[in-house]
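The values are calculated or read from the model by the stated rules, or taken from the named source; none is laboratory data. Not measured: the values here are computed from a predicted model. Cβ coordinates were reconstructed from backbone atoms using ideal geometry, including for glycine residues, and neighbour counts include every protein chain displayed. Accessible surface areas use protein heavy atoms only, side chains included; no ligands, DNA or RNA. Shrake-Rupley method; radii C 1.70, N 1.55, O 1.52, S 1.80 Å.
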Amino acid sequence: MEIINRRQRMASVARKLRREEDKTIGLVPTMGALHEGHLSLVREARRMCDVVIVSVFVNPTQFGPAEDFTRYPRDLTGDTTKLADYNVDYIFAPPVEEIYPKGFATYVSVENLSEPMEGVARPGHFRGVATVLTVLFNAIRPDFAFFGQKDAQQTLVVKRLVRDLAFDIEVVVLPTVREQTGLALSSRNAYLSDEQRKAAAVLYRGLSQAREVYLEGERNAKRLAETVRAQVDAEPLARLEYVGVVDAETMEKYDRLPEDRPVLIAIAAHVGKTRLIDNIVIQPARPKSGATGRLTLPEGA
Ligand code: PAF
């Protein structure tokens, strides 16, 4: 495993792998502080691709001025040890100026999909994500890029970015990995005390409760959102920021959920000072094609 810090070197290694060795390249973009959620992406990349590259870069442009950029957990040594166990070929860990050289002035915005939910709560966040991924995709030109369903809106933004800017990349999205309590794994869980960690399980409890209510026949989006809210409000250490009930592919807002479209229920909440997000996807009870009429839920959703 080689750790690469320079963009030029990363680009030339990737070019050689593609051109001279005809290797398929899998990229797992991360901000480090790796946990089992990231490692599930690495495992799948290892299974699907000849060469696995993990980028570790805490991207300043996707943090707002009042957010946790400076205190975001960083542990390249620990990350390197974990990735060595997974037989990763390259870690790309550039300093900020390698991604954003002096005078950097070009940003990428994915309109519409970036605007609701996280877009309201974190203005400019997806512009930062789309910009850094564009730089990484252009430098590495992977065949596959791997993302977690935990960042549901991000996965939609990335798919649209790839489609609209004609990157020849397949975006692979893998299920959210959870603790036994249901808490979705996140690097930010490191900020939580034991008590807060227990309390944070309320996000998934709320989402699961909404799924139950859906399965009992509720199709009113507001009432499903209220179900989530009631659970979170009952946890004294948690403060709800938003619940979104939207189309899982287009992010269109619903009053009444259609029977033939997948629905995303997404939540952001603060537990103490830590902001956490989570979501579930409910697959259509009556999909347009393949009329089994069965309701299926994606594994780990
Ligand atoms: O999901 C993340 O960790 C980041 O948003 C990503 C995709 C690595 C871009 O900085």
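Go through the range 53-90 and give me each residue that's under 19 Å from Asn138 (Cβ atoms) and within 15 Å of the ligand (Cβ to nearest atom).
Scanning the range 53-90 gives Ile53, Val54, Ser55, Val56, Phe57, Asn59, Pro60, Thr61, Gln62.
Among the residues in the range 238-249, are any under 24 Å from the mean Cα position of the chain (by Cα), small (Gly, Ala, Ser) and either surrounded by fewer than 17 Cβ atoms within 10 Å (Cβ to Cβ) or assigned to a strand (DSSP E or B) (or both)? Give the steps one after another, and end with the answer.
Pass one, the range 238-249, residues under 24 Å from the mean Cα position of the chain (by Cα): 238-249.
Add one more test, that the residue is small (Gly, Ala, Ser), and what stays is 238, 244, 248.
Imposing the further condition that a residue be either surrounded by fewer than 17 Cβ atoms within 10 Å (Cβ to Cβ) or assigned to a strand (DSSP E or B) (or both) reduces the set to 238, 244.
Yes, there is a match, as at least one residue in the range 238-249 is under 24 Å from the mean Cα position of the chain (by Cα), small (Gly, Ala, Ser) and either surrounded by fewer than 17 Cβ atoms within 10 Å (Cβ to Cβ) or assigned to a strand (DSSP E or B) (or both).
So which pairs qualify, if the first residue must be in the range 93-111 and more than 21 Å from Lys159 (Cα to Cα), the second must be in a loop (DSSP other than H, G, I, E, B) and of a type in the set (S, T, N, Q), the Cβ gap must be under 7 Å, and the two must be at least 6 apart or on different chains?
Ala93/Asn5; Pro94/Asn5; Pro95/Asn5; Glu98/Asn5
Being open to solvent by 20 Å² or more (accessible area, probe 1.4 Å), within 12 Å of the ligand (Cβ to nearest atom) and under 21 Å from Cys49 (Cα atoms) is the filter here, so list the residues in the range 149-177 that pass it.
Once the filter is applied, which keeps residues that are open to solvent by 20 Å² or more (accessible area, probe 1.4 Å), within 12 Å of the ligand (Cβ to nearest atom) and under 21 Å from Cys49 (Cα atoms), the range 149-177 yields Gln149, Val171, Val173.
One line per residue, one yes/no per condition, for (1) among the basic types (Lys, Arg); (2) touching a residue at least 60 places away in the same chain (Cβ under 8 Å); (3) in contact with a helix residue (DSSP H, G or I) (Cβ under 7 Å, 6 or more places away or on another chain):
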position: Glu36; (1), (2), (3): no, yes, no
position: Arg47; (1), (2), (3): yes, no, no
position: Asn59; (1), (2), (3): no, yes, yes
position: Asp68; (1), (2), (3): no, yes, no
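So Arg188 fits all but one of (1) open to solvent by 20 Å² or more (accessible area, probe 1.4 Å); (2) part of a strand (DSSP E or B); what number is the exception?
So Arg188 meets the others, but not (2).
Do you know which residues across the range 55-77 are within 20 Å of the chain's Cα centre (by Cα) and closer than 21 Å to Pro101 by Cα?
The answer is Ser55, Val56, Phe57, Val58, Asn59, Pro60, Thr61, Gln62, Phe63, Gly64, Phe69.
If I ask for residues that are within 14 Å of the ligand (Cβ to nearest atom) and in a strand (DSSP E or B), which ones from the range 12-51 would you list?
If the condition is that a residue be within 14 Å of the ligand (Cβ to nearest atom) and in a strand (DSSP E or B), then Leu27, Val28, Pro29, Thr30 are the ones that fit.
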